[in-house]
Amino acid sequence: MKIVDVCEFYSPQGSGVKVYIKAKFAAAAVAGHEVVVVAPSDRNEVVPQPGGRLVLVKAPALPFDKRYNMFWDEADVHAVLDREQGDIVEASSPWMGAKIVARWQGNAAKALFMHHDPLSAWAYRWFEGIADRDQIDRGFGWFWRYLRWLGERIPTVVCAAPSLTARLAAGGIGGTVTVPMGVDAGVFSPDLRDEALRAELLARCGLPADATLLLGIGRHTNEKRWPTVIDAVTSVAARRPVGLVLIGSGHKQKKVLAHIADNPHVQPLAPIMDRARLATVMASGDALIHGSAAETFGLVASEALASGLPLILPDQGAVADIARPEFAELYRTGDPRDAAAAIERMLDRDQLQLRAATRAAAARARTLDDHFVDLFATYQGVLDRKRAA
């Protein structure tokens, strides 16, 4: 089976999508499939990969993040699709990439993988506290009409989170299916815990080794809601020895750093691109705290859980789908007071029981290998039904 992935958010300088695409190539090579990833770039280039190739199409840069480019000329991408003649053509965002795939007149089966949830990233965040989700959805009826237009032309819609699958299906988008995400096999483990590293990170926060180390990991963008997390930790740290190490960067970094201000108990750390090093840092924390309800994968929460960390999470989005009472505390999305209360509840738990629960969850962690086995099987089923019809 040949899968051509029109991947709008791939960037060599990116993080989550880049990791996912690398794993997709590797899984295709093992399974005997061919994957061609078509991505916008600052140049035209074909880069061979195990399991396929990366086809870069010259396109303008995103105005608000120069690490990424955006598809612009539909004809350029259609020319690649005509040349490649895949069995499955997959769009991996609902924006221009999906529109390009929807309008392409080739004979391949088509699928839309929802790597991005724009309503959660923006609309629900902008108007929370003013209107409920049903009212917001009515206000953004144009976007739901657009999604239904895509669904009529791309009959298979893949989501990694059950909550997103259900929301799209309820909104009239047919052909929705859930293929849960997973973590890199053999990378994340509680056994990587390094007490010396943990003590070093706490010392950066001005705290002794018997304090609690929280980790926040992700890009510095508005949808990640780091100010909510920072305010919650600051509130708890005024009463109890708790520190936060915030790992990441992004186009809102100045805003995040300004929110931290001179708080000694919250310390920023540059992105860790080495996956083995990141796994060691994650295993050396005491809990992950997350702010975004716009996640479609919840990958960082899954990686933290595979590292043996308890989770403090917002009550919406893919991360909430991952949460279980035995190892997670949920708080009202965007509410720093409720997030602080969730931190307190986590600190007040029986820590031995909590560690046992997280270790058990880590042992059951779903891997990216599992994900791609299911994804390829889903696409094979789509292709078989198309051929039969």
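Quick note: the coordinates plus some simple rules give every number you see, no bench work behind them. Bear in mind the structure is a predicted one, so any value in this text is a computation, not a measurement. Note that each Cβ is placed from the backbone with ideal geometry, even for glycine, and that neighbours are counted across all protein chains shown.
Listed values for region 102-109 are Karplus-derived 3J(HN,Hα) couplings in whole Hz (6.51 cos²θ - 1.76 cosθ + 1.60, θ = phi - 60°), namely 4, 8, 5, 9, x, 9, 5, 5, and x replaces Gly and Pro.
Here the peptides 129-141, 376-388, 299-311 are ranked by packing, the mean other Cβ count within 10 Å, and the order with the highest first is 299-311, 376-388, 129-141. Only the Cβ atoms of Lys and Arg (+1) and of Asp and Glu (-1) were treated as charged; on that basis the dipole of region 161-253 about its Cα centre amounts to roughly 400 debye. Other residues whose C-beta falls under 13 angstrom from the C-beta of V47 contribute a net charge of +3, scoring Lys and Arg +1 and Asp and Glu -1. Charges were assigned to the Cβ only: +1 to each Lys and Arg, -1 to each Asp and Glu. The resulting dipole of the chain about its Cα centre is roughly 460 debye.
In the structure shown, the pairs K110/K252; K58/K224; K110/K254 are assessed against 31 Å; a Cα-Cα span above that value is assigned to K110/K252; K110/K254. Summing +1 for each Lys or Arg and -1 for each Asp or Glu among the other residues whose beta-carbon sits under 9 angstrom from that of E90 gives 0. Maximal additional length on extending the A79-L354 stretch stands at 93.6 nm, based on 0.36 nm per residue less the C-alpha distance.
Rg and Dmax of the chain, both derived from C-alpha coordinates alone, stand at 21.2, 66 Å.
One Cα centroid belongs to region 167-191, the other to region 52-99; the line between them spans 23 Å. Amide H to amide H distances under 5 Å link L62 with Y68, N69, M70, where only residues 5 or more positions off or on other chains count and H is placed in the peptide plane. Between P162, L330, P12, the Cα set farthest toward the positive side of the dipole of the chain (charges on each charged residue's Cβ, about the Cα centre) is that of P12. Projecting the Cα atoms of I272, G298, A356 onto the charge dipole of region 190-363 (Cβ charges, centred on the Cα centre) puts I272 farthest toward the positive pole. Near the amide H of G52, within less than 5 Å, lie the amide hydrogens of V35, all on another chain or at least 5 residues away, with H placed in the peptide plane. As a rough guide to protection, the peptides 255-266, 287-298 ranked by mean Cβ packing within 10 Å, highest first, stand as 287-298, 255-266. Each peptide among 219-226, 354-361 gets the average number of other Cβ atoms lying within 10 Å of its residues, and from highest to lowest they stand as 219-226, 354-361. Considering only C-alpha atoms, what is the centroid distance from region 313-389 to region 138-153, in Å? Taking the Cα centre of each part, region 313-389 and region 138-153 sit 28 Å apart. Using the rule -39500 (n - 2.57) for each DSSP H run of four or more residues, divided by the residues of the chain, the 222 nm mean residue ellipticity is -12500 deg cm²/dmol.
For Y331, the residues whose modelled amide H falls within less than 5 Å of its own, excluding neighbours fewer than 5 places apart on the same chain, are L313, D315.
Whole-Hz Karplus values for region 68-84 come out as 10, 10, 10, 4, 10, 9, 4, 4, 4, 6, 4, 5, 5, 5, 4, 6, 7 Hz, taken residue by residue from phi with 6.51 cos²θ - 1.76 cosθ + 1.60 and θ = phi - 60°; glycine and proline positions read x. Backbone phi angles across region 197-202, fed through the Karplus curve with coefficients 6.51, -1.76 and 1.60 (θ = phi - 60°), yield HN-Hα couplings of 5, 4, 4, 5, 5, 5 Hz in residue order; Gly and Pro are listed as x. Only Lys, Arg, Asp and Glu carry charge here, each on its Cβ (+1 for the first two, -1 for the last two); on that basis region 190-363 has a dipole of about 380 debye about its Cα centre.
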